[in-house]
Amino acid sequence: MHLTFLGANRQVTGSRYCLEANGNRVLIDCGLVQERKFLERNWKQCAIDPNSFNALLVTHAHIDHIGLIPKFVKDGFDSPIYATHPTVALADVMLRDSAKIQTEDAAYKKRRHRKEGRRSRHPETPLYVVDDVVKTMPLFHGVDYLEPTRIADGITATWHDAGHILGSAMIEIAVTEDGQRRTIVFSGDIGQPDKH
């Protein structure tokens with residue numbers, strides 16, 4: 001089993017991790033980087049070919065955990081995306097809103113920069129538009145809490161309530177490889193005890 005940190009490394013947004021086992025690749029979360037200082041990371045190509053992943057597992061529907069999914073799909077990812085049923089419903093709303101905001105922001109920046117006679121450090125184009133979200137949503141598959149889901153050969157995932165937002169989960173991934181079974185848990189964001 002091999003784990004690569006592709007985001008949220010030395011920062012708090014842009015959650016994205018690659019788990020490799022048994023010749024399979026699974027992405028956990030695919031979030032938008034939101035710190036101004038690191039925004040250019042959103043436009044960079046993923047260090048690992050999006051088309052090489054067998055699945056994407058989502059902890060919850062906040063943009064710093066799902067906000068790059070439509071771009072990832074645009075860049076070649078076309079495998080199943082697993083999340084709790086409420087997360088799937090929220091992702092549709094959140095990603096459409098994100099696409100609209102990005103489209104409006106890009107148009108505003110383009111006008112402002114033209115008026116001021118300057119260029120932006122970041123591209124004046126949206127990462128994705130609503131049509132990209134429409135193409136992304138059919139890849140989502142809803143799962144139930146506490147129901148182990150086979151993700152790939154020797155890889156099973158189980159979603160546990162994280163108490164953060166509706167549908168949020170900690171994902172327990174069991175990997176059986178070379179006769180050994182190992183478990184890793186991706187917490188996502190965790191809510192406060194006794195606050196739901």
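Filtering the range 143-155 to residues that are modelled with pLDDT of 95 or more and surrounded by fewer than 16 Cβ atoms within 10 Å (Cβ to Cβ) leaves D144, Y145, L146, E147, P148, R150.
State whether the residues of the range 63-84 include one that is more than 14 Å from the chain's Cα centre (by Cα) and under 19 Å from D131 (Cα atoms). Looking for residues that are more than 14 Å from the chain's Cα centre (by Cα) and under 19 Å from D131 (Cα atoms), one finds at least one in the range 63-84, hence yes. For the range 34-48, does any single residue satisfy the condition of being under 17 Å from P138 (Cα atoms), of a type in the set (F, W, Y) and not in a loop (DSSP other than H, G, I, E, B)? Taking every residue of the range 34-48 in turn, none turns out to be under 17 Å from P138 (Cα atoms), of a type in the set (F, W, Y) and not in a loop (DSSP other than H, G, I, E, B).
The rows are residues; the columns are (1) aliphatic (A, V, I, L, M); (2) in contact (Cβ under 8 Å) with a residue 12 or more places away in the chain.
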{"position": "L6", "(1), (2)": "yes, yes"}
{"position": "T13", "(1), (2)": "no, yes"}
{"position": "C18", "(1), (2)": "no, yes"}
{"position": "N22", "(1), (2)": "no, yes"}
{"position": "R25", "(1), (2)": "no, yes"}
{"position": "D29", "(1), (2)": "no, yes"}
{"position": "K37", "(1), (2)": "no, no"}
{"position": "N42", "(1), (2)": "no, yes"}
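Within the set L56, L32, the sole residue that is within 21 Å of K135 (Cβ to Cβ), surrounded by 24 or more Cβ atoms within 10 Å (Cβ to Cβ), under 13 Å from the mean Cα position of the chain (by Cα) and at pLDDT 95 or above turns out to be L56.
Hey, any hits in the range 48-57 for a residue that's hydroxyl-bearing (S, T, Y) and in contact (Cβ under 8 Å) with a residue 60 or more places away in the chain? Looking for residues that are hydroxyl-bearing (S, T, Y) and in contact (Cβ under 8 Å) with a residue 60 or more places away in the chain, one finds none in the range 48-57, hence no. Of the residues making up the range 176-185, one or more are in contact with a His (Cβ under 9 Å, 6 or more places away or on another chain), outside any loop (DSSP other than H, G, I, E, B) and free of Cβ contacts under 8 Å to residues at least 60 places away in the same chain.
If you go through the range 86-142 and keep only what is surrounded by 12 or more Cβ atoms within 10 Å (Cβ to Cβ), touching a residue at least 60 places away in the same chain (Cβ under 8 Å) and part of a loop (DSSP other than H, G, I, E, B), you end up with H122, P123, L127. The set of residues from the range 167-185 being closer than 17 Å to D29 by Cβ and either exposed (fewer than 11 other Cβ atoms within 10 Å of the Cβ) or of a type outside the set (D, E) (or both) comprises G167, S168, A169, M170, I171, I173, I184, V185.
Considering (1) within 16 Å of the chain's Cα centre (by Cα); (2) more than 18 Å from L39 (Cβ to Cβ), the lone condition that D131 does not fulfil carries the number (1). The single condition among (1) under 24 Å from Q102 (Cβ atoms); (2) surrounded by fewer than 19 Cβ atoms within 10 Å (Cβ to Cβ); (3) in contact with a Cys (Cβ under 9 Å, 6 or more places away or on another chain) that H2 does not satisfy is (1). The set of residues from the range 161-175 being without any contact (Cβ under 8 Å) to a residue 60 or more places away in the chain and part of a strand (DSSP E or B) comprises D161, E172, A174.
When A106 is tested against the conditions (1) farther than 29 Å from G191 by Cβ; (2) out of contact with any Asp or Glu (no Cβ under 7 Å at 6 or more places or on another chain); (3) among the aliphatic types (A, V, I, L, M), the lone failure is (2).
The values are calculated or read from the model by the stated rules, or taken from the named source; none is laboratory data. This structure is a prediction, so every number in the text was calculated from the model and none was measured. Cβ atoms come from the backbone with ideal geometry, glycine included; neighbour counts cover every protein chain shown.
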